[in-house]
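Accompanying notes for the structure given below.
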Amino acid sequence: MKTSDFYQKKYKAYHEKTFSIDPSSFLEPLVKKLSAEAFILDVGCGSGRDLLWIKKQGFEGIGFERSPGLAQLARENVGCEVIDGDFETYDFSLFLVDAIILVGALVHIPYERFSKVFENITSSISKHGIILITLKEGSEVRTDSDGRTFYLWQDEKARRVFDTLGFTVCDVSKSVSKTGSNDVWMSYILGKTG
(Lines give C-alpha, C1' and ligand atoms only; values in the text may rest on other atoms or scores of the structure.)
Protein backbone atom coordinates (compact mmCIF):
# COMPACT_ATOMS: atom_id res chain seq x y z
CA MET A 1 0.00 0.00 0.00
CA LYS A 2 1.34 3.44 -0.92
CA THR A 3 1.78 6.00 1.86
CA SER A 4 -1.03 8.25 0.57
CA ASP A 5 -3.37 5.25 0.23
CA PHE A 6 -2.88 4.40 3.91
CA TYR A 7 -4.29 7.75 5.06
CA GLN A 8 -7.11 7.54 2.50
CA LYS A 9 -8.21 4.00 3.32
CA LYS A 10 -7.24 3.54 6.97
CA TYR A 11 -8.08 7.00 8.26
CA LYS A 12 -10.37 5.64 11.02
CA ALA A 13 -7.65 3.33 12.37
CA TYR A 14 -5.12 6.17 12.21
CA HIS A 15 -7.54 8.43 14.10
CA GLU A 16 -8.07 5.80 16.81
CA LYS A 17 -4.32 5.29 17.23
CA THR A 18 -3.32 8.96 17.39
CA PHE A 19 -6.21 11.18 18.50
CA SER A 20 -6.01 10.42 22.22
CA ILE A 21 -2.28 11.24 22.46
CA ASP A 22 -1.70 14.33 24.60
CA PRO A 23 0.11 16.86 22.35
CA SER A 24 0.93 19.36 25.10
CA SER A 25 4.62 18.36 25.34
CA PHE A 26 5.34 19.53 21.79
CA LEU A 27 2.66 22.25 21.44
CA GLU A 28 3.29 24.15 24.69
CA PRO A 29 6.73 25.46 23.58
CA LEU A 30 5.02 26.89 20.48
CA VAL A 31 2.08 28.58 22.20
CA LYS A 32 4.38 30.15 24.81
CA LYS A 33 5.88 32.18 21.96
CA LEU A 34 2.52 33.33 20.52
CA SER A 35 0.38 36.36 21.26
CA ALA A 36 -3.18 35.67 22.44
CA GLU A 37 -4.67 36.64 19.05
CA ALA A 38 -2.32 34.46 16.97
CA PHE A 39 -3.86 32.63 14.02
CA ILE A 40 -2.48 29.13 13.45
CA LEU A 41 -2.37 26.89 10.37
CA ASP A 42 -2.11 23.16 11.08
CA VAL A 43 -0.83 21.43 7.94
CA GLY A 44 -1.39 17.68 7.90
CA CYS A 45 -3.84 18.14 10.76
CA GLY A 46 -5.05 14.53 10.66
CA SER A 47 -8.28 14.12 12.61
CA GLY A 48 -7.77 17.40 14.47
CA ARG A 49 -6.04 16.41 17.72
CA ASP A 50 -3.59 19.35 17.72
CA LEU A 51 -6.17 21.82 16.38
CA LEU A 52 -8.51 20.89 19.21
CA TRP A 53 -5.75 21.40 21.79
CA ILE A 54 -4.90 24.79 20.23
CA LYS A 55 -8.57 25.80 20.30
CA LYS A 56 -8.84 24.84 23.99
CA GLN A 57 -5.93 27.22 24.69
CA GLY A 58 -7.98 30.06 23.17
CA PHE A 59 -6.32 30.30 19.76
CA GLU A 60 -7.99 30.42 16.36
CA GLY A 61 -6.83 28.01 13.70
CA ILE A 62 -7.45 26.40 10.37
CA GLY A 63 -6.55 22.89 9.30
CA PHE A 64 -5.18 21.50 6.06
CA GLU A 65 -5.33 17.77 5.30
CA ARG A 66 -4.76 15.60 2.24
CA SER A 67 -7.00 12.72 3.35
CA PRO A 68 -10.70 13.60 2.90
CA GLY A 69 -11.68 11.14 5.65
CA LEU A 70 -9.27 12.67 8.17
CA ALA A 71 -10.27 16.20 7.14
CA GLN A 72 -13.93 15.41 7.81
CA LEU A 73 -13.08 13.91 11.20
CA ALA A 74 -11.10 17.07 12.04
CA ARG A 75 -14.09 19.26 11.14
CA GLU A 76 -16.32 17.15 13.40
CA ASN A 77 -13.80 17.00 16.25
CA VAL A 78 -12.80 20.66 16.28
CA GLY A 79 -15.60 22.62 14.61
CA CYS A 80 -13.29 24.76 12.49
CA GLU A 81 -12.45 25.06 8.82
CA VAL A 82 -10.29 22.28 7.37
CA ILE A 83 -9.17 22.49 3.77
CA ASP A 84 -8.84 19.28 1.75
CA GLY A 85 -5.78 19.53 -0.47
CA ASP A 86 -2.32 18.45 -1.50
CA PHE A 87 0.29 20.55 0.29
CA GLU A 88 2.75 19.99 -2.54
CA THR A 89 0.58 21.91 -5.00
CA TYR A 90 -1.73 24.15 -2.91
CA ASP A 91 -0.97 27.90 -3.00
CA PHE A 92 -0.30 28.69 0.66
CA SER A 93 0.62 32.29 -0.16
CA LEU A 94 -3.15 32.95 -0.13
CA PHE A 95 -2.93 32.84 3.70
CA LEU A 96 -1.24 35.03 6.26
CA VAL A 97 -0.79 33.20 9.55
CA ASP A 98 1.17 33.77 12.76
CA ALA A 99 2.21 30.15 13.22
CA ILE A 100 2.34 26.89 11.28
CA ILE A 101 2.15 23.44 12.83
CA LEU A 102 3.79 20.60 10.87
CA VAL A 103 3.55 17.71 13.33
CA GLY A 104 4.65 14.65 11.39
CA ALA A 105 3.32 16.24 8.21
CA LEU A 106 6.52 16.09 6.16
CA VAL A 107 7.94 12.73 7.26
CA HIS A 108 6.85 11.09 4.00
CA ILE A 109 8.36 13.76 1.72
CA PRO A 110 11.51 12.60 -0.13
CA TYR A 111 14.63 14.60 0.76
CA GLU A 112 14.93 16.00 -2.76
CA ARG A 113 11.41 17.52 -2.59
CA PHE A 114 11.47 18.63 1.05
CA SER A 115 12.79 22.18 0.52
CA LYS A 116 10.27 22.98 -2.22
CA VAL A 117 7.34 21.67 -0.15
CA PHE A 118 8.54 23.48 2.98
CA GLU A 119 8.94 26.78 1.06
CA ASN A 120 5.45 26.43 -0.41
CA ILE A 121 3.82 25.87 2.98
CA THR A 122 5.80 28.59 4.76
CA SER A 123 4.88 31.19 2.13
CA SER A 124 1.85 31.76 4.40
CA ILE A 125 3.84 32.79 7.47
CA SER A 126 3.87 36.40 8.68
CA LYS A 127 7.17 38.29 9.04
CA HIS A 128 7.52 37.43 12.74
CA GLY A 129 5.69 34.11 12.54
CA ILE A 130 6.95 30.84 13.94
CA ILE A 131 6.84 27.22 12.86
CA LEU A 132 6.64 23.97 14.78
CA ILE A 133 7.91 21.02 12.78
CA THR A 134 8.53 17.46 13.93
CA LEU A 135 10.74 15.00 12.08
CA LYS A 136 11.67 11.39 12.85
CA GLU A 137 15.30 10.90 13.83
CA GLY A 138 17.45 8.50 11.87
CA SER A 139 19.74 8.27 8.89
CA GLU A 140 17.86 6.26 6.33
CA VAL A 141 14.57 5.76 4.55
CA ARG A 142 12.29 3.20 6.20
CA THR A 143 9.02 1.55 5.18
CA ASP A 144 6.74 0.31 7.95
CA SER A 145 4.39 -2.68 8.03
CA ASP A 146 1.56 -0.51 6.64
CA GLY A 147 3.62 0.36 3.55
CA ARG A 148 4.30 3.95 4.64
CA THR A 149 7.71 5.30 3.65
CA PHE A 150 9.42 7.52 6.23
CA TYR A 151 12.36 9.81 5.48
CA LEU A 152 14.45 10.04 8.64
CA TRP A 153 16.59 13.02 9.64
CA GLN A 154 19.73 13.82 11.59
CA ASP A 155 19.69 17.07 13.58
CA GLU A 156 22.67 18.57 11.74
CA LYS A 157 21.11 17.93 8.31
CA ALA A 158 17.74 19.38 9.38
CA ARG A 159 19.41 22.52 10.74
CA ARG A 160 21.35 23.02 7.49
CA VAL A 161 18.13 22.79 5.47
CA PHE A 162 16.28 25.22 7.76
CA ASP A 163 19.21 27.66 7.61
CA THR A 164 19.35 27.49 3.82
CA LEU A 165 15.61 28.23 3.67
CA GLY A 166 15.98 31.32 5.88
CA PHE A 167 14.85 29.95 9.26
CA THR A 168 16.57 29.91 12.64
CA VAL A 169 16.11 27.13 15.18
CA CYS A 170 14.71 28.79 18.33
CA ASP A 171 14.10 25.60 20.29
CA VAL A 172 14.61 21.87 19.79
CA SER A 173 13.64 18.82 21.81
CA LYS A 174 13.49 15.07 21.37
CA SER A 175 10.94 12.54 22.58
CA VAL A 176 10.13 8.89 22.07
CA SER A 177 6.96 8.24 20.07
CA LYS A 178 3.78 7.99 22.12
CA THR A 179 2.30 5.37 19.76
CA GLY A 180 4.29 2.51 21.28
CA SER A 181 7.12 2.41 18.75
CA ASN A 182 10.69 3.31 19.69
CA ASP A 183 10.85 6.08 17.09
CA VAL A 184 12.47 9.31 18.26
CA TRP A 185 10.81 12.56 17.20
CA MET A 186 12.77 15.79 16.90
CA SER A 187 10.63 18.85 17.51
CA TYR A 188 11.84 22.22 16.19
CA ILE A 189 10.50 25.72 16.69
CA LEU A 190 11.67 27.94 13.88
CA GLY A 191 11.64 31.68 13.31
CA LYS A 192 12.48 33.62 10.16
CA THR A 193 16.11 34.71 9.91
CA GLY A 194 16.62 38.46 10.11
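Overview of values
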quantity: Condition check for R66: more than 26 Å from S173 (Cα to Cα), open to solvent by 10 Å² or more (accessible area, probe 1.4 Å) and of a type in the set (K, R); calculated: yes
quantity: A74 vs. criteria aliphatic (A, V, I, L, M) and part of a loop (DSSP other than H, G, I, E, B); calculated: no
quantity: Residue that is modelled with the lowest pLDDT, among those in segment 142-164 that are in contact with a helix residue (DSSP H, G or I) (Cβ under 6 Å, 6 or more places away or on another chain) and surrounded by fewer than 16 Cβ atoms within 10 Å (Cβ to Cβ); calculated: D146
quantity: Verdict on L96 being open to solvent by 30 Å² or more (accessible area, probe 1.4 Å), aliphatic (A, V, I, L, M), at negative phi and touching a residue at least 24 places away in the same chain (Cβ under 8 Å); calculated: yes
quantity: Yes/no for L73 being in contact with a Gly (Cβ under 9 Å, 6 or more places away or on another chain) and open to solvent by 20 Å² or more (accessible area, probe 1.4 Å); calculated: yes
quantity: Residue check, F87 at pLDDT below 95 and either open to solvent by 60 Å² or more (accessible area, probe 1.4 Å) or within 12 Å of V43 (Cα to Cα) (or both); calculated: yes
quantity: Pairs with Cβ under 9 Å, 6+ apart, first in segment 50-63 and within 16 Å of T134 (Cβ to Cβ) and in a helix (DSSP H, G or I), second open to solvent by 10 Å² or more (accessible area, probe 1.4 Å) and polar (S, T, N, Q); calculated: L51/N77; W53/S24
quantity: Residues of segment 47-67 classified as out of contact with any His (no Cβ under 6 Å at 6 or more places or on another chain), within 21 Å of F87 (Cα to Cα) and among the small types (G, A, S), total; calculated: 4
quantity: Some residue of segment 119-141 being closer than 22 Å to L30 by Cα, surrounded by 18 or more Cβ atoms within 10 Å (Cβ to Cβ), of a type outside the set (A, V, I, L, M) and out of contact with any strand residue (DSSP E or B) (no Cβ under 6 Å at 6 or more places or on another chain); calculated: yes
quantity: Candidate set from segment 48-63 (those that are more than 20 Å from F95 (Cα to Cα) and of a type outside the set (D, E, K, R)); member that is surrounded by the fewest Cβ atoms within 10 Å (Cβ to Cβ); calculated: G58
quantity: Residues within segment 110-147 that are without any contact (Cβ under 8 Å) to a residue 60 or more places away in the chain and either of a type in the set (S, T, Y) or not in a strand (DSSP E or B) (or both), tallied; calculated: 20
quantity: Among (1) open to solvent by less than 40 Å² (accessible area, probe 1.4 Å); (2) within 18 Å of L27 (Cβ to Cβ); (3) at pLDDT 90 or above; (4) not acidic (D, E), the one test that V172 misses; calculated: (1)
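Condition check ((1) at positive phi; (2) hydrophobic (A, V, I, L, M, F, W, C); (3) in contact with a strand residue (DSSP E or B) (Cβ under 9 Å, 6 or more places away or on another chain); (4) at pLDDT 95 or above) across all residues:
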| position | (1), (2), (3), (4) |
| --- | --- |
| S24 | no, no, no, no |
| E28 | no, no, no, no |
| I40 | no, yes, yes, yes |
| F64 | no, yes, yes, yes |
| G69 | no, no, no, no |
| A74 | no, yes, yes, no |
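The values are calculated or read from the model by the stated rules, or taken from the named source; none is laboratory data. Quick caveat, the model's predicted, so the values are computed rather than measured. Note: ideal-geometry Cβ built from the backbone for every residue, glycine included; neighbour counts use all protein chains shown. These area figures cover heavy atoms from the full protein model, side chains too; ligands, DNA and RNA do not enter into them. Shrake-Rupley method; radii C 1.70, N 1.55, O 1.52, S 1.80 Å.
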